[in-house]
Amino acid sequence: MRFFLVLLAVIATNVSYSETLTIATTEFTPPFVMPGNKPHQFYGFSIDIMSEVCKRIGAACQYNPVDFKNIFAKVISGQADLGLGNIGITKERDKFVAFSLPYLSSQLQFITLANSPITSLEKLRGKTVGTEEGTI
């Protein structure tokens, strides 16, 4: 399965443009999104891209930190114009949101202790795997 770092775009039928774009984003996914020293201040690769988009369309970016699991809810409810984060494109998600073109493919990896008997994906069957809530 391929995963992408993408920009989640609004698909509401009555999208209205404003001078400020409200962007729901994860708070800490280095090197893509990292908090600055002030509230709603972020930096990183994804922030740089979004800031350039805002600059080119003449809008201000207002970044609002949310847990990953809440990015979709904020966009769908209209509380955010866009969502930004390490968001995988799936058929299910594609039914209710529009995605930008992916700009980075991920090399998803699993980690375990060096002396673990888990040495392949097949050996993960039946095991407990930790992940961030809301991610694929």
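The values are calculated or read from the model by the stated rules, or taken from the named source; none is laboratory data. The structure displayed is predicted, hence computed values, not measured ones. So basically every Cβ, Gly included, is an ideal-geometry build from the backbone, and we count neighbours across all protein chains shown.
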Those residues of the range 79-136 that are touching a Pro at 6+ places or on another chain (Cβ under 9 Å) and either closer than 18 Å to Phe68 by Cβ or touching a residue at least 60 places away in the same chain (Cβ under 8 Å) (or both) come to a total of 1
Exception for Lys38 within (1) in contact with a strand residue (DSSP E or B) (Cβ under 9 Å, 6 or more places away or on another chain); (2) surrounded by fewer than 16 Cβ atoms within 10 Å (Cβ to Cβ); (3) among the basic types (Lys, Arg) falls at (1)
Just checking, does the range 120-134 include any residue being within 30 Å of Met50 (Cα to Cα), more than 12 Å from the chain's Cα centre (by Cα), β-branched (Val, Ile, Thr) and not in a loop (DSSP other than H, G, I, E, B)? no
Going through (1) under 29 Å from Gly130 (Cα atoms); (2) among the hydrophobic types (A, V, I, L, M, F, W, C); (3) at pLDDT below 85 one by one, Ile23 fails only at (3)
Filter result for Leu84 (of a type in the set (A, V, I, L, M, F, W, C) and out of contact with any helix residue (DSSP H, G or I) (no Cβ under 7 Å at 6 or more places or on another chain)):
no
Exercise for review: Determine whether the range 40-59 contains at least one residue that is at pLDDT 90 or above, outside any helix (DSSP H, G or I) and closer than 15 Å to Ser100 by Cβ.
Suggested key: no
Among residues of the range 70-113 being among the polar types (S, T, N, Q) and at pLDDT 90 or above, the residue surrounded by the most Cβ atoms within 10 Å (Cβ to Cβ) is Asn70
Per the filter on the range 52-68, residues over 16 Å from Ile87 (Cβ atoms) and touching a helix residue (DSSP H, G or I) at 6+ places or on another chain (Cβ under 7 Å) are Ala60, Cys61
Scan the range 65-85 and give yes if some residue there is part of a loop (DSSP other than H, G, I, E, B) and within 12 Å of the chain's Cα centre (by Cα), otherwise no.
yes
